[in-house]
């Protein structure tokens with residue numbers, strides 16, 4: 001079963017001994033505490049809840065390629081129904097024991113195995129039998145006492161994005177492929193790259209954001225719009241980013257990464273094109289300051 005772990009070759013070559021284990025959706029400040037002393041991060045994809053509760057899937061805060069931006073040394077178990085049926089001891093025997101870790105780091109609420117029957121006590125017993133130190137990280141909280149939890153951050157992204165960014169401890173990542181749009185932006189002096197993201201990605205509150213756009217190995221200051229373009233009576237939510245400083249390269253079909261870090265204003269209609277242009281210039285001025 002160990003051969004099903006993606007990234008295993010890199011793990012074997014590294015002589016890594018310390019692994020943090022969990023779902024790590026969002027890689028918020030609580031997750032960062034787990035990972036700070038680990039050589040590798042072992043996680044699951046798809047999110048286990050989306051396999052166990054397919055009729056009520058959660059929106060992912062962080063996809064595996066996005067997690068790799070924060071923790072390059074990733075081990076990914078492709079989660080499926082068969083894995084979900086493994087008992088806690090079976091999961092340890094098939095996926096953890098062969099890795100021979102000297103240290104396993106987990107969060108206070110980590111559960112594993114069929115129906116989440118595996119807990120810290122079982123893990124501690126396994127650790128004693130396998131010469132592996134088990135470290136349980138207690139709940140981590142914001143200065144206002146809010147726990148760093150992915151479920152809370154999902155909710156706050158839709159309501160108060162700037163606060164969600166505080167809980168994350170890093171910009172919110174939107175990655176995907178640049179697709180053709182209506183090309184309306186270029187007609188008003190603000191050409192945009194339209195982003196297609198995976199359908200289960202958590203989309204923040206509609207509005208305008210300060211951002212950074214990464215294309216290949218280069219990063220550019222940008223302004224990102226998430227919304228329905230009410231000025232033009234659009235129906236579908238679109239994600240598009242305008243790269244500042246005269247960027248004009250053709251990037252259709254390329255994969256890009258948008259890091260959004262500042263919520264500027266809500267999505268809103270304007271009486272005409274000129275008022276929209278005026279507001280966009282004000283938005284850009286806010287980013288540049």
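Data overview
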quantity	calculated
Region 31-44: number of residues that are surrounded by 17 or more Cβ atoms within 10 Å (Cβ to Cβ), free of Cβ contacts under 8 Å to residues at least 40 places away in the same chain and in a loop (DSSP other than H, G, I, E, B)	1
Residue tally, condition touching a strand residue (DSSP E or B) at 6+ places or on another chain (Cβ under 9 Å) and not in a helix (DSSP H, G or I), over region 7-26	12
Helices (runs of 4 or more DSSP H) wholly inside region 119-214 that include at least 1 residues being free of Cβ contacts under 8 Å to residues at least 60 places away in the same chain and either in the same structural domain as residue 229 (by TED's automatic domain parsing) or more than 29 Å from residue 51 (Cα to Cα) (or both)	120-129, 161-168, 184-187
Flag if residue 189 is farther than 22 Å from residue 25 by Cβ, modelled with pLDDT of 95 or more and in contact with a helix residue (DSSP H, G or I) (Cβ under 9 Å, 6 or more places away or on another chain)	no
Candidates 116, 107, filtered to the one that is surrounded by 18 or more Cβ atoms within 10 Å (Cβ to Cβ) and closer than 21 Å to residue 50 by Cβ	107
Subset of region 9-20 (residues that are within 25 Å of the chain's Cα centre (by Cα) and more than 20 Å from residue 34 (Cα to Cα))	9, 10
Matching residues, region 12-30, being surrounded by 20 or more Cβ atoms within 10 Å (Cβ to Cβ), at pLDDT below 95 and closer than 14 Å to residue 74 by Cα	22, 24, 25, 27
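The values are calculated or read from the model by the stated rules, or taken from the named source; none is laboratory data. Note that the coordinates shown come from a computational prediction; the quantities given were computed from them, not determined experimentally. Note that each Cβ is placed from the backbone with ideal geometry, even for glycine, and that neighbours are counted across all protein chains shown.
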